[in-house]
Amino acid sequence: YTTLFRSLTQQDVDNGGVSNTATATIDPPTGPPVVSKPSSATVPDSESPSIGLTKTVSPTAVTDAGQTVTYTYAIQNTGNVTLTNAAINETTFTGSGVQPVPSCPAAAASMLPGAIVDCTATYVATQHDVDAGTFTNTATASATSPVPSTVTSSPSSATVTAPEVGGVTVVKSA
């Protein structure tokens, strides 16, 4: 008999496993070859879609209105199947200006297991943000798995502080 082996590919995992059908043929000493009925086997592979998000901000502190901060959203495919159409979903934003709009590169369209894609957004601090002393931005990442279903990360947050600087000094003289 002949046995052929091959390694599973990422496409096999994305498809949920590998199926194989075979027949056996015997050449008797006399007469035509005898062929068995087909026999099939499936090697399932458990699809485990998962996505993670780490959000950072730079700088982490502002001192004046008009300063720009840049958010970086590192999306990681933490599962074992290819994810498609990864995107950032802003969930909570405590700044008083226009909420940041994340932009992701083309690589977010198809992410192999272990792949990391960095998306970015900017925000311009307002006087209200500086007066409040802090503002926070929270988001999740989501993507489509081959099942198909949508997978969503746990929330990730980044906080910018606005420490008090300066002040007024009164000197009284007689």
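Counting each pair of different Cα atoms once, what's the Kirkwood radius of the range 65-174 in Å, rounded to one decimal?
On the way: mean 1/r = 0.0627 Å⁻¹.
Final number for the Kirkwood radius of the range 65-174 is 16.0 Å.
Calculate what fraction, in whole %, of the accessible area of the range 68-174 sits on carbon and sulfur atoms when a 1.4 Å probe is rolled over the protein chains.
55
What is the set of long-range amide H partners of THR126 at a cut-off below 5 Å, with H atoms built 1.01 Å from backbone N?
Under 5 Å from the amide H of THR126: GLY66, SER96, GLY97.
The values are calculated or read from the model by the stated rules, or taken from the named source; none is laboratory data. These figures come from a predicted structure and were not determined experimentally. Please note that ligands, DNA and RNA were not included when accessible areas were found on the heavy atoms of the full protein model with its side chains. Shrake-Rupley method; radii C 1.70, N 1.55, O 1.52, S 1.80 Å.
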